[in-house]
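Only one structure is covered here, and it is reproduced in the block below.
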Amino acid sequence: MNTNYDVIVIGGGPAGLAAACEAYDKGAKKVLVIERDKELGGILNQCIHNGFGLHYFKEELTGPEYAGRFVELVKQTAIEVKLDTMVVEITQDHIVRCISAKEGYQELTAGAVVLCMGCRERTRGAIAIPGDRPAGVFTAGAAQRYVNMEGYMVGKRVVILGSGDIGLIMARRMTLEGAKVLACVELCPYSNGLTRNIVQCLNDYDIPLYLSHTITNIIGKERVEKVIINKVDENRRPIPGTEIEFDCDTVLLSVGLIPENELTRNAQIVMDRRTNGAVVYENMETSAPGIFASGNVVHVHDLVDFVTAESKRAGAAAAKYALGHKAGGPVTEVKTGSCVNYTVPQHIRRENVEKGVDVFFRVNNVYQDMVIKVTSGDTQLCAFKREHMAPGEMEKITIPKVLLDKASDEITVSVEHQ
Ligand SMILES: Cc1cc2nc3c(=O)[nH]c(=O)nc-3n(C[C@H](O)[C@H](O)[C@H](O)COP(=O)(O)OP(=O)(O)OC[C@H]3O[C@@H](n4cnc5c(N)ncnc54)[C@H](O)[C@@H]3O)c2cc1C
């Protein structure tokens, strides 16, 4: 059996599928997608609500429909797929070790590798909620899988902690399935979800959103019986005397996602502690030459369309690398200025940019009437106005090549009041 591939893609979610299709289109002949689940599609398979693909397909699709389009594209190619197969190790010299019940342990090699492992949810243990340990506490994504894919209803009276998109989507989903969602509780003074999800998933169903509140106690012997929430001060500490009690049987946690980077860290690839993903160049190449990364494994996305665009870039670059064209040249470092939490990419090789480079970032608070500035030393390269910015909404700017060429070895992205 030939175990040598041009490009191996790890993860068969939207990132992996787009990367594989693009690598194939750009001339990589032997492309393999390895997916640990029994089917392709990743997290989209359980996201049966609509709202996917508005940017990329200019249509409103459900998650499975969006994934299905890419699965069909894969079927029209000679891309190989290994399902039920878990990658357990990758090395800097592109050896991929994986294991499956059907084929056992395998060691594969590739000209280039694309990491598309997505992310997982933060659990109750990770945020240390006090109280009893009864049944009825789920991560929102786990509940989504039970309800949408396995056909189990997880509870009747629900409190949701966290107002990120998954929490909001599940508030609506549980309501539509007949549950009473009593509250969505958010630690921050603002929601971490998309505005459209606040409107369509909470406001439309009269579900109250408690900003600057957190769960301070979960009570229940066998099953959750009560939840206590408190208002928090500016240091996010519960304020005594502000308790509100909810009689409920279920708590859903939507308290953040963690990129799945165990393989990346073990391969000694340089990580960004702000994104919890690999540090990447403009073409999504990591610090290990020929190993690329895209999608939620690099930074958590709210829109799958951006995952697709980023992953096509990674796939094209992986094909190019495998066919012998290595990117190089002087590097411009992208620094974060005021109000900016992180950027992706963190490094740009100017010679490798054709028309312009897309830079993604998130701000650290909610702002109105702002201007995004890209500067190099004392020179302002470009500026972009924004009426509204929030940490829950990823920002994207494109820096044109002609302006980038005027930059030194460092540019700064900052956000200021207009
Ligand atoms: C609940 C929820 C609601 C969302 N709603 C919207 C929405 O309305 N609109 C929108 O545009 N976007 C939405 N998104 C965001 C979008 O769906 C994600 O950003 C996108 O799915 C990320 O794609 P990915 O391929 O990076 O990750 P994933 O979809 O998570 O895929 C990663 C894949 O890698 C596999 N994998 C991981 N490790 C290994 C390994 N070691 N070996 C083999 N395989 C491995 C996993 O099994 C998985 O299939 C939502 C996301 C969630 C979670």
* **Selected residue (criterion: farthest from the ligand (Cβ to nearest atom)) from residues of region 239-298 that are of a type in the set (Phe, Trp, Tyr) and either closer than 16 Å to His347 by Cβ or assigned to a loop (DSSP other than H, G, I, E, B) (or both)** => Tyr281
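When you scan region 299-362 for strands (runs of 3 or more DSSP E) that lie fully inside it, which ones turn up with 1 or more residues that are farther than 28 Å from Gly111 by Cβ and away from the ligand (no atom under 16 Å from the Cβ)?
Values: elements: 331-336, 340-344, 347-349.
Of the strands (runs of 3 or more DSSP E) lying wholly inside region 299-362, those with at least 1 residues that are farther than 28 Å from Gly111 by Cβ and away from the ligand (no atom under 16 Å from the Cβ) span 331-336, 340-344.
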* **First in region 333-356 and in the same structural domain as Asn276 (by TED's automatic domain parsing), second anywhere and surrounded by fewer than 16 Cβ atoms within 10 Å (Cβ to Cβ), Cβ under 7 Å, 6 or more apart** => none
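For region 62-82, which residues satisfy the criterion of being among the aliphatic types (A, V, I, L, M), within 13 Å of the ligand (Cβ to nearest atom) and either open to solvent by 70 Å² or more (accessible area, probe 1.4 Å) or assigned to a strand (DSSP E or B) (or both)? Give the steps one after another, and end with the answer.
If we filter region 62-82 for residues that are among the aliphatic types (A, V, I, L, M), which is where we start, we get 67, 71, 73-74, 78-79, 81.
Right, trim to within 13 Å of the ligand (Cβ to nearest atom) and you get 67, 71, 81.
The answer is Val81, and nothing else.
Is it true that Glu186 is free of Cβ contacts under 8 Å to residues at least 60 places away in the same chain, charged (D, E, K, R) and in contact with a helix residue (DSSP H, G or I) (Cβ under 9 Å, 6 or more places away or on another chain)?
Numbers: free of Cβ contacts under 8 Å to residues at least 60 places away in the same chain: yes; charged (D, E, K, R): yes; in contact with a helix residue (DSSP H, G or I) (Cβ under 9 Å, 6 or more places away or on another chain): yes.
Answer is yes for this residue.
Can you go through Lys326, Lys312, Lys320 and tell me which one is open to solvent by 10 Å² or more (accessible area, probe 1.4 Å), over 30 Å from Cys188 (Cα atoms) and within 18 Å of the chain's Cα centre (by Cα)? Spell out the reasoning first.
Details: Lys326 fails: within 18 Å of the chain's Cα centre (by Cα); Lys320 fails: within 18 Å of the chain's Cα centre (by Cα).
Result: Lys312 is the single residue among Lys326, Lys312, Lys320 that is open to solvent by 10 Å² or more (accessible area, probe 1.4 Å), over 30 Å from Cys188 (Cα atoms) and within 18 Å of the chain's Cα centre (by Cα).
Restricted to region 83-111, and to residues that are of a type in the set (Asp, Glu) and part of a strand (DSSP E or B), which residue is farthest from the ligand (Cβ to nearest atom)?
From region 83-111, those of a type in the set (Asp, Glu) are 84, 89, 93, 103, 107; that's our starting set.
Adding the requirement that they be part of a strand (DSSP E or B) leaves 89, 107.
Details: Glu89: 9, Glu107: 15 Å.
Looking at residues that are of a type in the set (Asp, Glu) and part of a strand (DSSP E or B), I get Glu107.
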* **Selection count, region 315-332, where residues are free of Cβ contacts under 8 Å to residues at least 60 places away in the same chain and aromatic (Phe, Trp, Tyr)** => 0
* Considering residues of region 32-61 that are of a type in the set (Gly, Ala, Ser) and not in a strand (DSSP E or B) only, the residue nearest to the ligand (Cβ to nearest atom) -> Gly42
* For region 286-304, what are the residues that are touching a strand residue (DSSP E or B) at 6+ places or on another chain (Cβ under 8 Å), open to solvent by less than 10 Å² (accessible area, probe 1.4 Å) and on the phi < 0 side of the Ramachandran plot? -> Thr286, Ile291, Phe292, Ala293, Ser294, Val297, Val298, His299
* **helices (runs of 4 or more DSSP H) (entirely within region 112-204) containing at least 2 residues that are buried (at least 16 other Cβ atoms within 10 Å of the Cβ) and not assigned by TED's automatic domain parsing to the domain that holds Cys98** => 140-145, 165-176
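Might you check whether a residue that is closer than 26 Å to Arg265 by Cα and outside the structural domain of Arg172 (by TED's automatic domain parsing) occurs anywhere in region 59-77?
Here is the first cut: in region 59-77, the ones closer than 26 Å to Arg265 by Cα are none.
No, the conditions are met nowhere in region 59-77.
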* Given the conditions (1) in contact (Cβ under 8 Å) with a residue 24 or more places away in the chain; (2) open to solvent by 40 Å² or more (accessible area, probe 1.4 Å); (3) charged (D, E, K, R), report the number of the one that Glu103 does not fulfil. => (1)
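Yes or no: Gly337 modelled with pLDDT under 95, open to solvent by 10 Å² or more (accessible area, probe 1.4 Å) and more than 20 Å from the chain's Cα centre (by Cα)? Steps first, please.
Details: modelled with pLDDT under 95: no; open to solvent by 10 Å² or more (accessible area, probe 1.4 Å): yes; more than 20 Å from the chain's Cα centre (by Cα): yes.
For Gly337, the condition - modelled with pLDDT under 95, open to solvent by 10 Å² or more (accessible area, probe 1.4 Å) and more than 20 Å from the chain's Cα centre (by Cα) - is not met.
Can you work out which of the residues in region 1-18 that are aliphatic (A, V, I, L, M) and more than 9 Å from the ligand (Cβ to nearest atom) is surrounded by the fewest Cβ atoms within 10 Å (Cβ to Cβ)?
Going through region 1-18, the residues aliphatic (A, V, I, L, M) turn out to be 1, 7-10, 15, 17-18.
Add one more test, that the residue is more than 9 Å from the ligand (Cβ to nearest atom), and what stays is 1, 7-9.
Details: Met1: 5, Val7: 32, Ile8: 31, Val9: 34.
Taking the candidates together, the pick is Met1.
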* Would you pick out the residues in region 226-260 that are crowded, with 20+ Cβ neighbours inside 10 Å and free of Cβ contacts under 8 Å to residues at least 24 places away in the same chain? -> Asn230
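The values are calculated or read from the model by the stated rules, or taken from the named source; none is laboratory data. Predicted model, so just to flag it, every value in this text is computed and none were measured. A quick note on method: Cβ atoms are made from the backbone with ideal geometry, for glycine too, and the neighbour counts reach across all protein chains shown. Just so you know, the surface numbers come from the protein's heavy atoms only, side chains and all, with ligands and any DNA or RNA stripped out. Shrake-Rupley method; radii C 1.70, N 1.55, O 1.52, S 1.80 Å.
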